[in-house]
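Coordinate-derived values only; no laboratory data. What you see is a predicted model, and the numbers here were worked out from it, not measured in a lab. For neighbour counting, all protein chains shown are included, and Cβ atoms are generated from backbone atoms with ideal geometry for every residue, glycine included.
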Amino acid sequence: MSGLNAMVLKKTTRIIRNKLYLSLAISLLAPIPFYLHAAEEPVAAEEEPIAPAAASATDTAPRDTAIPDQNLNKITVTGSRIPRAQAEGPSPVTVITGEEMKARGYRNVYDAIATQTQNTGMTQGEDYGNTWQPAANALNLRGLGPNHTLVLVNGRRLADYPNAYGGSVNFTNIANIPSVIIDRIEILSSGASAIYGSDAIAGVVNIILKDKAQGVDVNVRGGTTERGGGDNYQLQLSGGGTWDRFDGFFGLEATKRDPIWGSQRDFMNSYPEGSTVGYRRNLETSAYISPGCQGYGGLFGGNVTNRNGRCTTDQYYNNYWTVQSKKENYDGYLSGAYHLSDTAKVFANLLFGFDKTQTNTRGPSFTSPDFYNANTGNIERWARIFSPEEIGGRERNNSEWRETTWTGTLGFSDKIGSSDWNYEVAYTRSQYTSDRSTRYTPLSGIKDFYLGPQLGEQNGYPVYAPDTSRLDRPLTREEWARYSGVLTQKSKSESQTYSFTTNGELFNLPAGPVGFASVAEYGKQSYSVRPDRRLNDGTFYNTTPGSVSGGDRDRYALGAELSIPLTDTLLASTAGRWDQYKFSGRSEQDFTYNTGLEWRPVKSLLFRGNYSTSFRAPDLNYIYQADSNGYFAGQKDYYGCAQGIEGACDPNAVNYTQSGTSDLESEHGTSWSYGVVWSPSSNVDFSADFWRVQIKDLLTTVDANRLLQEEYQCRISGNTGSHCQEVLSRIIRNPATSAVDPNKLQRVRINAINAINAASERTSGLDFKANARWDANQWGDFSSSIGYSLVLSHFYKESDDAPTLDLRNDYTQSANWRSKINASLTWNINDFISTVFVNRYGSVANAAGTGRLTPWAVVNASVRYKTTPQSSVGLTVNNVLDKVKKDDSAGWPNYPTGNYDPYGRQWWLDFSYHFK
């Protein structure tokens, strides 16, 4: 948004905003019987302690968990295909409604799920920075990784994001699901492969969309951030109706958001270490050669400094870094059902999106090869980074993702004859395409521009006689346009499933009917990644060659589930499922099962327990990935440090190479939980659960840090055994006799043995939840909820002979939270409704890996006023206290990237109208 438009927006909304701020302040000060106390987090012992009985209530309005009357409608809850009258079952399920999403300040579906207490794992999302998937957001339930949570929409699978998370594992992107169509989100935080198949190891997220409405609703919203940047607008349309035998629903959402740049946050507004604008270096003496900064005075806003022959600036990273991406989304949903009879219907729905994301992390640069300078007689290296002034503005350097997604389902459901048995036949197809345009990249001709033609070789170095005046001045716009181009990559993934499901009652026992459900599925998944072909023909300067990768697999599944009333107060459930995957000329098959018990000794009390096995078929990316290159940030070179190599002792970027292999097996997991739910009245409920998840045969790649440590031990000990030979073969260094940078680390081959089924991981913890609602007479109605998850232990082993890593307590190993608390309070009086939502994050490791950051809390609030029976206006304020979590332990960017955001206070005004 331009500065003029931003000023108009702020002026035109000032009066409304001030009035709503007053209403919001009144709601915050309302007398309420609400108290929140977070106890000090206990430290897990080496072995998990015996936990008290525990469980989890859903995060919705309170309810009675007693066995209801038989005439209550039955519903299907995530974690089971058998409809039931009770909302609570043997495994805890958290529910977030569409209305709660708006009231609590969630910007989108991802926010709503990521802030839940079970999501204790950090992820690299769209605002993380330089990642493999900056246009996507992923979940990390229980800190077990994005690939161990199954994400469903209406109980059906979506196509994976076509680019692997971290370059390694497949996952589901939930960044582009429009919030206007959400009926509710159900989160099952335990293994559920016996119901849903592969991937459901840490849990299942089922996003359930609306399918009915009467009339049309319109909502328009605009907002910004207090500290600058991030101006955004949103238009939402939704509606539907019933016409004779047809029910229809539609939802459309258009969003536009400006980026937030690092330069717009004062604590990021400089890079103290300084980045080199330009230098010439004598590699034989390591000296930097003047002239320095004379020609660069106008670049980076004039913020350039001569540092010992290098021209540097502290404005490089903050000028190019988008801490919040620029987005433009057009997403929608269409749903319809035609009722052929009272029991039979044909249904179809289509979820679609057209989305564009732009991110930036660093500007373009040029570094010459090491060469013999015929003019000086030295072996030299030249370097330049290019400023926004040279390339025509920093947005010209943005990387852009244009993505198209759609998921469609066509089905038929009916009863079997005159019985109470139901069946459904459905076909679902999902497709995700991503076209990436990488920032303007220097073409190969830029080397000739700076160095001139090659004159031959001397002692293994190319010989040039370059004109220094070209390096010591800015490029003109015309020169940059001549020597830069745009890299592109096209990625695509597809998923399709044919399914047949049934459910009904098999027979009656003295305590009631035995419920049954079954499922048969056939599915197919595929993906492809097609890098720019010009990577392999020398068009671009200093880029890595790219290879086409991709493949597919078929899936077959049969499953059954039973619900068995053993007594009037004891209900047992069990499920089993067989899955087979065929890929790359071979197959993998697994049988998984689960069992559960529910005991209701009195009407208001439920004791429950669940045990389940689960699996994850090998990632398509692990199977079919072509040679892939990347880098690990913040990695120490242990041997280089011992040899005194410059910079080796400091955390630096280390390049790596990995590739796929078809010789992989499935991962296997077990999980169990037990707990209690107590609901003394229809307005109050409390639950507590102890849970434990373990994964074996975990797919992983060789850990680069451990390889470098073992390389150091092998070299200093002189060990020449087979293990050391294998380790040393994966470490690529300059020769020890090299005239320049001897023994300097170049690359680590983590794909030397490819991905391996050797790792294991286990974690355990406690979940607590409580809900309450009360009538305060003339003061209106209040409702509140609180949730708390505490990780008691989290251990990881790369292989049987590798050391066990304590991911919970060792701050050098993990960036995950130890605990999370969220709490909300809603006040409804007359035509006003307001909500205060608090999200408290437990401690995490600091960026330097030298300690832990203290817990952190963020407060969101919203207020809505019903202006007429059909219209309302609202104000939402996120981060009411305008606080930003700081972490300067490793310097810039001075905040915990990935764990917290640097946005500060954000606010939105919106207006809604209902057309009957």
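Once the piece of chain linking Asn375 and Thr737 is laid out straight, how much longer is it, given 0.36 nm per residue of separation minus the C-alpha distance between them?
127.8 nm is the gain from fully extending Asn375 to Thr737.
Going by how many other Cβ atoms sit within 10 Å of their own, how do Lys885, Lys490, Lys820 line up, fewest first?
With the fewest neighbours first, Lys885, Lys490, Lys820 line up as Lys490, Lys885, Lys820.
Assuming R0 = 25 Å, what is the FRET efficiency of Glu726 and Ala653, from their Cβ-Cβ distance, to the nearest 0.05?
The computed FRET efficiency comes out at 0.55.
Give the calculated FRET efficiency between Phe915 and Asn683 to the nearest 0.05, with a Förster radius of 30 Å applied to their Cβ-Cβ distance.
It comes out at approximately 0.30.
Would you calculate, for the chain, the mean residue ellipticity at 222 nm contributed by helices, counting each DSSP H stretch of 4 or more residues as -39,500 (n - 2.57) and dividing by all residues, to the nearest 500?
Mean residue ellipticity at 222 nm (helix-derived): -3000 deg cm²/dmol.
Between Asn777 and Thr76, what's the calculated FRET efficiency when r is the beta-carbon distance and R0 is 41 Å? Round to 0.05.
So the FRET efficiency works out to roughly 0.60.
Enumerate the calculated ³J(HN,Hα) couplings along region 242-251 in order (Karplus 6.51 cos²θ - 1.76 cosθ + 1.60, θ = phi - 60°), each rounded to whole Hz, writing x wherever the residue is Gly or Pro.
Karplus values, whole Hz, x for Gly and Pro: 10, 10, 6, 9, 10, 10, x, 8, 9, x.
What residues qualify as long-range amide H neighbours of Ser484, i.e. H under 5 Å apart, gap of 5 or more or another chain, H built at 1.01 Å from N?
Leu443
Take Asp199, Asp435, Asp910 and order them by how many other Cβ atoms sit within 10 Å, fewest up front.
So the ranking, lowest neighbour count to highest, is Asp435, Asp910, Asp199.
Can you list residues whose amide H is under 5 Å from Leu792's amide H, if they're 5+ apart or on another chain and H is modeled 1.01 Å from N?
Residues meeting the criterion, in which the H sits 1.01 Å from N, are Ser764, Gly765, Leu766.
Fewest first, what order do Phe837, Phe412 take by the number of other Cβ atoms within 10 Å?
Working: Phe837 23, Phe412 14.
Ascending number of Cβ neighbours within 10 Å: Phe412, Phe837.
Tell me the relative contact order for region 574-729 as a rounded percent, counting alpha carbon contacts under 8 Å between residues six or more apart.
Reported as a whole number, the value is 20 percent.
Could you derive backbone 3J(HN,Hα) for region 393-410 from the dihedral phi with the Karplus parameters 6.51, -1.76 and 1.60 (θ = phi - 60°), listing whole Hz in sequence and x where the residue is Gly or Pro?
Residue by residue, region 393-410 yields x, 5, 5, 5, 9, 4, 8, 10, 10, 9, 10, 10, 10, 7, 9, x, 10, 10 Hz.
If we count GluC sites (Glu not before Pro) as exposed when they sit in a DSSP loop and have at most 16 other beta carbons within 10 Å, what is the longest stretch of the chain that avoids them all?
My reading of the result: 285-645 is the longest stretch.
Please turn the phi angles of region 154-166 into ³J(HN,Hα) values with the Karplus equation 6.51 cos²θ - 1.76 cosθ + 1.60 (θ = phi - 60°), one per residue in order, whole Hz, x for glycine and proline.
6, x, 10, 6, 9, 5, 5, 5, x, 10, 5, 5, x
Which distance in Å, rounded to a whole number, links the C-alpha centroids of region 507-528 and region 145-182?
Each part's Cα centre sits 23 Å from the other's.
What nm distance separates the two modelled labels at Tyr338 and Gln454, each placed 7 Å from Cα along Cα→Cβ?
The answer from the label model is 6.8 nm.
At Ile829 and Asn306, where each label point lies 7 Å from the Cα along Cα→Cβ, what is the point-to-point distance in nanometres?
Spacing of the two 7 Å Cα→Cβ label points: 6.9 nm.
Could you check the spin-label model distance between Ser799 and Thr867? Points 7 Å from the Cα along Cα→Cβ, value in nm.
That separation, rounded to one decimal, is 6.7 nm.
Along the charge dipole of region 471-515, pointing to its positive end and built from +1/-1 on Cβ of Lys, Arg, Asp and Glu, which listed residue (Ser493, Pro510, Leu471) has its Cα farthest out?
Leu471
Any chance you could give the angle, 0 to 90 degrees and rounded to 10, that helix 704-717 forms with the longest Cα principal axis of the chain?
50 degrees
Taking Cα atoms, how many degrees apart are the long axis of helix 3-29 and the longest axis of the chain, rounded to 10 and kept between 0 and 90?
Roughly 40 degrees between the two axes.
Taking the Cα centre of each part, how many Å lie between region 849-916 and region 267-328?
33 Å
Would any residue of region 720-741 have its amide N under 14 Å from a label point 7 Å out along Cα→Cβ of Ser547? List them or say none.
none
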